[in-house]
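Visitor: Handing you a structure now.
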Amino acid sequence: MMCKIEGNMNIAPIDAKHMAISGSLTTTNIIMANWSRQMWESIVNRAVRMLALGPFASHFFSAFATVS
C-alpha cells in the first residue's frame, strides 16, 4: 500500500505497524464496571459500525474489535 496525496503522487509505503490500531480500556466507573460482556460487545460493535459508516469510513480498509 502506498500513501497518496493530491495529484495521486506516491510518497512511500505505509509500514505495517501503522496499519492497525489496538489498545485496551479500563474503567473505574462503578456502573460501567458492572456491565455484562454482552453490553460491552454491543458498545464495541457500535464503535466498529461508526468507523465503517461514519465520517472517517473512507480512511479504514476494515475494522473489527473483540471483547476479552
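Visitor: Go through 42-50, 24-32, 59-67 and give me the packing order, highest mean Cβ count within 10 Å leading.
Guide: Answer by packing, highest mean first, reads 42-50, 59-67, 24-32.
Visitor: Here is a follow-up. If R0 is 25 Å, what FRET efficiency do you get for Phe61 and Glu41 from their C-beta distance, rounded to 0.05?
Guide: Given R0 = 25 Å and the Cβ-Cβ separation, E is 0.65.
We did not get these values from a lab; they are worked out from the coordinates using the rules stated. Just so it is clear, the model here is predicted, and its values are computed rather than measured. FYI the Cβ positions are ideal-geometry reconstructions off the backbone, even for glycines, and counts take in every protein chain you see.
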